[in-house]
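Here's the structure, in structure tokens; my notes come after.
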């Protein structure tokens with residue numbers, strides 16, 4: 001199966017659902033997006049924009065390793 005995402009005005013929702021209900025459950029499954037999906041998508045879009053415009057804070061593997069070691073050592077005490 002393939003998945004597509006539709007955005008539509010609320011006033012046509014019933015028409016769309018009426019059309020889609022003409023298909024069998026083997027042919028079509030309606031999947032509702034939840035608020036979690038929308039929030040995560042918003043965060044990822046913002047992160048991607050920062051990468052594209054050069055304002056994202058990026059770390060090398062070595063820098064990340066140093067940060068993690070420091071954090072772990074703080075909790076080991």
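Bear in mind these aren't lab numbers, they're just calculated from the coordinates by the rules spelled out. Note that the structure is a prediction, hence the values are computed from the model and not measured. Please note: Cβ atoms are built from the backbone with ideal geometry, for glycine as well, and neighbour counts cover all protein chains shown.
P(r) for segment 10-76, please, calculated from all Cα pair distances in 5 Å bins and given in %.
Going from the shortest bin to the longest, the percentages are 3, 12, 9, 10, 12, 12, 10, 7, 6, 6, 8, 4, 0.
Could you put 57, 13 in order, starting from the residue whose Cβ has the fewest other Cβ atoms within 10 Å?
57, 13
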